[in-house]
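As structure tokens, the structure follows; a few thoughts come after it.
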Ligand SMILES: NC(=O)c1ccc[n+]([C@@H]2O[C@H](COP(=O)([O-])OP(=O)(O)OC[C@H]3O[C@@H](n4cnc5c(N)ncnc54)[C@H](OP(=O)(O)O)[C@@H]3O)[C@@H](O)[C@H]2O)c1
């Protein structure tokens, strides 16, 4: 039985991914902050997939100490991890800082995942065909890496911050894929589409309504995550940015040199060198 860990697996795209992979026979771990929501999600999936092996774990990606403790505990429980899905994400309208003082979107969407992945990488390498799947967004095209904004120093624009965090997801994927070349582990990122989930909950009601007019269901939005996590054909994908299960272009700002620089800075910010 294969094992998958899905961050943010208690709602939206992550929950739909957890459901589909449980139905395919995966042992599924979901990791998020709100345990009540996580337990409700698991109850819903269990009812639909009798015999599913599911477990909810508490994780706040906005606290690097918690990420370290989580990874330590997880490595004890799961020495071989077939699939790691970095799905959790947020898009707050207001500026917030993480426990270590990073701007929240950069800190949670990128930095927490960077640390988690590095701490769990040995368990993914131990799998026969390990995979890392990173849920980014087409919004990464709006992002640029601005080192001077990592701690929220600059004027905060939520869309610019979201774009930066999602570009960081793509750059992280590129450099991780390069580093894992020849190991058998597959690393890819994706855009799920515009999906009807809680991600836009901070937007004014009217903006939410307009956004909802062009969205797809969470089940549809989860298709590329499920494909990259589990499809035999996806074994041929490595270092790709995927939409609708097909490779697509990344922003011209997604350059290898920027990816290497961000990796080095992320090592310094998290104090973690793989
Ligand atoms: N919906 C879209 O149209 C869309 C489009 C492009 C990309 N995406 C990406 O898709 C991913 C999933 O988002 P969604 O649309 O499914 O939104 P969602 O329903 O709001 O789900 C977000 C998930 O992230 C978790 N999360 C948030 N902050 C966290 C933290 N500090 N630590 C751990 N977990 C945290 C949440 O759980 P807790 O609150 O319990 O922590 C929740 O499970 C995100 O990366 C998002 O950027 C979404």
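The values are calculated or read from the model by the stated rules, or taken from the named source; none is laboratory data. Given the structure is predicted, the values throughout are model-derived calculations rather than measurements. Don't worry about glycine lacking a Cβ; one is built from the backbone with ideal geometry, like all the others, and counts go over all protein chains shown.
Is it true that residue 208 is at pLDDT below 95, in a helix (DSSP H, G or I) and over 19 Å from residue 9 (Cβ atoms)?
So residue 208 fits the description; yes.
Kindly indicate the residue of the stretch 128-145 that is surrounded by 15 or more Cβ atoms within 10 Å (Cβ to Cβ) and free of Cβ contacts under 8 Å to residues at least 60 places away in the same chain and also farthest from residue 181 (Cα to Cα) among those meeting that condition.
Among those residues, the one meeting the criterion is 142.
From the list 152, 94, exactly one residue is surrounded by fewer than 16 Cβ atoms within 10 Å (Cβ to Cβ), within 21 Å of residue 60 (Cβ to Cβ), in contact (Cβ under 8 Å) with a residue 40 or more places away in the chain and more than 12 Å from the ligand (Cβ to nearest atom). Which is it?
Selected residue: 94, the only one of 152, 94 that is surrounded by fewer than 16 Cβ atoms within 10 Å (Cβ to Cβ), within 21 Å of residue 60 (Cβ to Cβ), in contact (Cβ under 8 Å) with a residue 40 or more places away in the chain and more than 12 Å from the ligand (Cβ to nearest atom).
For the stretch 62-69, indicate whether the set of residues that are free of Cβ contacts under 8 Å to residues at least 60 places away in the same chain and in a loop (DSSP other than H, G, I, E, B) is non-empty.
Within the stretch 62-69, one or more residues are free of Cβ contacts under 8 Å to residues at least 60 places away in the same chain and in a loop (DSSP other than H, G, I, E, B).
If you go through the stretch 184-204 one residue at a time, do you hit one that is free of Cβ contacts under 8 Å to residues at least 12 places away in the same chain and within 19 Å of the chain's Cα centre (by Cα)?
Filtering the stretch 184-204 for residues free of Cβ contacts under 8 Å to residues at least 12 places away in the same chain gives 201, 204.
Checking which are within 19 Å of the chain's Cα centre (by Cα) leaves us with 201.
Yes; the residues of the stretch 184-204 include at least one that is free of Cβ contacts under 8 Å to residues at least 12 places away in the same chain and within 19 Å of the chain's Cα centre (by Cα).
For residue 48, all conditions in the list (1) touching a residue at least 24 places away in the same chain (Cβ under 8 Å); (2) farther than 21 Å from residue 264 by Cβ; (3) within 10 Å of the ligand (Cβ to nearest atom) hold save one; what is the number of the exception?
Against the list (1) touching a residue at least 24 places away in the same chain (Cβ under 8 Å); (2) farther than 21 Å from residue 264 by Cβ; (3) within 10 Å of the ligand (Cβ to nearest atom), residue 48 comes up short only on (3).
Considering each residue of the stretch 23-37, count those that are near the ligand (Cβ under 9 Å from one of its atoms), in contact (Cβ under 8 Å) with a residue 24 or more places away in the chain and out of contact with any helix residue (DSSP H, G or I) (no Cβ under 6 Å at 6 or more places or on another chain), and give that number.
Here the count works out to 4.
Is there a residue in the stretch 107-123 that is on the phi < 0 side of the Ramachandran plot, part of a loop (DSSP other than H, G, I, E, B) and modelled with pLDDT of 95 or more?
There is no residue in the stretch 107-123 that is on the phi < 0 side of the Ramachandran plot, part of a loop (DSSP other than H, G, I, E, B) and modelled with pLDDT of 95 or more.
Restricting to the stretch 166-201, and then to whatever is assigned to a loop (DSSP other than H, G, I, E, B) and near the ligand (Cβ under 10 Å from one of its atoms), can you tell me which residue is surrounded by the most Cβ atoms within 10 Å (Cβ to Cβ)?
As a first pass, look at the stretch 166-201 and keep what is assigned to a loop (DSSP other than H, G, I, E, B): 180-185, 192-194, 196-197, 201.
Among the residues that remain, those that are also near the ligand (Cβ under 10 Å from one of its atoms) are: 192-194, 196-197, 201.
Working: 192: 27, 193: 20, 194: 18, 196: 19, 197: 20, 201: 11.
In this case the residue turns out to be 192.
For (1) within 13 Å of the ligand (Cβ to nearest atom); (2) surrounded by fewer than 16 Cβ atoms within 10 Å (Cβ to Cβ); (3) touching a residue at least 60 places away in the same chain (Cβ under 8 Å), each residue gets a yes or a no:
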{"site": "206", "(1), (2), (3)": "no, yes, no"}
{"site": "218", "(1), (2), (3)": "yes, no, yes"}
{"site": "234", "(1), (2), (3)": "no, no, yes"}
{"site": "241", "(1), (2), (3)": "yes, no, yes"}
{"site": "247", "(1), (2), (3)": "no, yes, no"}
{"site": "254", "(1), (2), (3)": "no, no, yes"}
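It is to be established whether one or more residues within the stretch 32-49 are touching a strand residue (DSSP E or B) at 6+ places or on another chain (Cβ under 8 Å), within 21 Å of residue 105 (Cβ to Cβ) and at pLDDT 95 or above.
yes
Looking only at residues that are more than 7 Å from the ligand (Cβ to nearest atom) and closer than 8 Å to residue 30 by Cα in the stretch 1-16, which one is surrounded by the most Cβ atoms within 10 Å (Cβ to Cβ)?
6
Determine whether the stretch 67-80 contains at least one residue that is farther than 26 Å from residue 173 by Cα, at pLDDT 95 or above and away from the ligand (no atom under 15 Å from the Cβ).
Taking every residue of the stretch 67-80 in turn, none turns out to be farther than 26 Å from residue 173 by Cα, at pLDDT 95 or above and away from the ligand (no atom under 15 Å from the Cβ).
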